[in-house]
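**Student:** First, the structure itself, so that you have it in front of you.
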Amino acid sequence: MESIFGAIRSGDQAETSAYCSSFLISDHTAWFVKVFASTEGPRLDAKYSGVLAANPNLFRDLFATSLFHSRTNLKITVLQRPVDPGPRLAQVAVQAMAIPVPLYYVEGRNEDAKDAFPVSGIGYFVYVDGGFRFLPTEVLEALSTAPPLRIRIPESLLGSQITYRVTPVYPDQARATGIKGDVVVHIVVGTDGTVKEATVVGGDPALGQAALDAVRQWKCRPTLLNSKPVEVDSTVTVHLP
């Protein structure tokens, strides 16, 4: 990964292409059927072929995007049986394997506090024929057991999709002590527009529960991606005056 970032920085297209080509699974049809059996393997193989045919520059574009946003501080999570903590999709993929192989999940991090979403999932890798090969996220999403796709959007965009808000009840204890301010809540909105997860990530702890109680009742307009409903990962700021 570091070598690819270096090649992209220097503008060396030949070197970049060589690295990206090395990430291809050469005999992918046989590999998918071997690892995921005849139940899931052909479906994943068809998706793999389709994804690469639709965008031959997929690998390069992913790495270039991470570099553009300075998300080059890499974190690698290895998932294998028994299933290690990691992205839901990766856990499902490991469980679906007929022949278990380690799945490597790579994230690119930007330590700049100004970045609204400082962490970006670059993708998955598997070790095949003596080298690491890239496995696009869209391929694993073709699993019959795959969870709904989840995308990140900024708070400014999520705000326009909220159709029902509940005003938080100002806590008596906070009122008595004069505590007030904003609470930042990380939320996951389900495909039906309801808030399925909510966690306080900023603000005075005395106001946190009131913010959570309110936000968990909010409703949003379902988000569609390619005409399919997806889950949304974002944050909301709740003001308690």
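Quick note: the coordinates plus some simple rules give every number you see, no bench work behind them. The model shown is predicted, which means the values in this text are computed figures rather than measured ones.
**Student:** Just to confirm the number: angle between the C-alpha axis of helix 205-215 and the first principal axis of the chain, 0 to 90 degrees, nearest 10?
**Tutor:** 70 degrees
**Student:** May I ask you to evaluate 6.51 cos²θ - 1.76 cosθ + 1.60, the Karplus curve with θ = phi - 60°, for each residue of the stretch 18-33 and list the ³J(HN,Hα) values in order in whole Hz, giving x for glycine and proline?
**Tutor:** 5, 5, 5, 5, 5, 7, 6, 7, 4, 9, 5, 4, 5, 5, 5, 5
**Student:** Tabulate in residue order the Karplus-calculated ³J(HN,Hα) for the stretch 129-146, using 6.51 cos²θ - 1.76 cosθ + 1.60 with θ = phi - 60°, rounded to whole Hz; enter x for Gly and Pro.
**Tutor:** 6, x, x, 7, 10, 7, 10, x, 4, 4, 5, 5, 5, 7, 4, 5, 9, 5
**Student:** Which cross-chain or sequence-distant (5 or more) residues have an amide H under 5 Å from the amide H of Gly123, H modelled 1.01 Å from N in plane?
**Tutor:** Val106
**Student:** Sort out for me the Cα centre separation of the stretch 117-196 from the stretch 208-227, rounded to whole Å.
**Tutor:** 10 Å
**Student:** HN-Hα J couplings of the stretch 156-162 from phi, Karplus 6.51/-1.76/1.60, θ = phi - 60°, integer Hz, Gly and Pro as x?
**Tutor:** 4, 7, 4, x, 6, 9, 6
**Student:** Specify the residue with the greatest mean-square fluctuation among Leu140, Leu24, Leu157, computed from a Gaussian network of the chain linking alpha-carbon atoms under 10 Å apart.
**Tutor:** Comparing Leu140, Leu24, Leu157 in a Gaussian network model of the chain, the most mobile one is Leu157.
**Student:** Next question. In square nanometres, what is the average projected area of the Cα convex hull of the stretch 190-241?
**Tutor:** Average projection, Cα convex hull of the stretch 190-241: 3.8 nm².
**Student:** Starting from the amide H of Cys220, placed 1.01 Å from N in the peptide plane, find each other amide H under 5 Å away whose residue is 5 or more places distant or on another chain.
**Tutor:** Thr163, Thr194
**Student:** Can you give the Kirkwood hydrodynamic radius for the stretch 152-240, in Å, rounded to one decimal and based on Cα pairs?
**Tutor:** One over the average 1/r among Cα pairs gives 13.4 Å for the stretch 152-240.
**Student:** Still on this structure, please answer the following. Once the convex hull of the C-alpha atoms of the chain is built, how many Å³ does it hold per residue, rounded to a whole number?
**Tutor:** For the chain, the hull spanned by Cα atoms encloses 144 Å³ per residue.
**Student:** Now for a separate question. Given a cut-off of under 8 Å on Cα pairs at least six residues apart, what relative contact order in percent is computed for the stretch 2-147?
**Tutor:** Once normalised by length, the contact order is 25 percent.
**Student:** Give the angle, between 0 and 90 degrees and rounded to the nearest 10, that separates the Cα long axis of helix 58-68 from the longest principal axis of the Cα atoms of the chain.
**Tutor:** Computed tilt is about 40 degrees.
**Student:** GNM, the chain, Cα, under 10 Å: largest mean-square fluctuation among Thr223, Thr167, Thr177?
**Tutor:** Looking only at Thr223, Thr167, Thr177, the largest GNM fluctuation is found for Thr177.
**Student:** Say we join alpha carbon atoms closer than 10 Å with springs in a Gaussian network model of the chain; which of Phe132, Phe68, Phe32 then has the biggest fluctuation?
**Tutor:** Phe68
**Student:** Rg/Rh for the stretch 1-100: what does it come to with C-alpha atoms and Rh from Kirkwood?
**Tutor:** Here the Rg-to-Rh quotient is 1.02.
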